[in-house]
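Please read the structure below before turning to the comments.
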Amino acid sequence: MKTKTEEFIKLIDQASEIAEEMLKDKKPESSAHLNNAIAVLQSIKSKAVNGKLEPSGGVSTLGLAHGVADWIEPLDSPLLKAVGAIEEYYQKNL
């Protein structure tokens, strides 16, 4: 696995851990959103590991930040920051 991909995977794992911790602490109405975010993160991770993730070309995004920003509060949430870091890394390095 390439170094850039390894770093990308680390960012995904960090965001997944944050989402899983939030799942323990959140209200039931947030559970569906958090479970969906975890599933999307794992899907992206799987694609990256298998070399099937489309390159960004500095233009494409994964839609993570937008998807999380639609429902998360507050907007300076650690999860939103983590998915923002994934998006930024993806656009700049993959």
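The values are calculated or read from the model by the stated rules, or taken from the named source; none is laboratory data. Since we're looking at a predicted model, the values are computed, not measured. In this analysis, Cβ positions are derived from the backbone assuming ideal geometry, glycine residues included, and neighbour counts consider all displayed protein chains. Protein only, heavy atoms only, side chains kept; ligands, DNA and RNA dropped before computing areas. Shrake-Rupley method; radii C 1.70, N 1.55, O 1.52, S 1.80 Å.
Figures for the structure shown
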{"item": "Filter pass, residue 10 being open to solvent by 30 Å² or more (accessible area, probe 1.4 Å) and farther than 15 Å from residue 88 by Cβ", "result": "no"}
{"item": "Close pairs from region 68-89: first open to solvent by less than 80 Å² (accessible area, probe 1.4 Å), partner hydroxyl-bearing (Ser, Thr, Tyr) and assigned to a helix (DSSP H, G or I), Cβ under 9 Å, at least 6 apart", "result": "71/30; 72/30; 82/16"}
{"item": "Qualifying positions in region 1-26 - aliphatic (A, V, I, L, M) and free of Cβ contacts under 8 Å to residues at least 60 places away in the same chain", "result": "1, 9, 22, 23"}
{"item": "Boolean, residue 29 is without any contact (Cβ under 8 Å) to a residue 12 or more places away in the chain and either out of contact with any strand residue (DSSP E or B) (no Cβ under 9 Å at 6 or more places or on another chain) or open to solvent by 30 Å² or more (accessible area, probe 1.4 Å) (or both)", "result": "yes"}
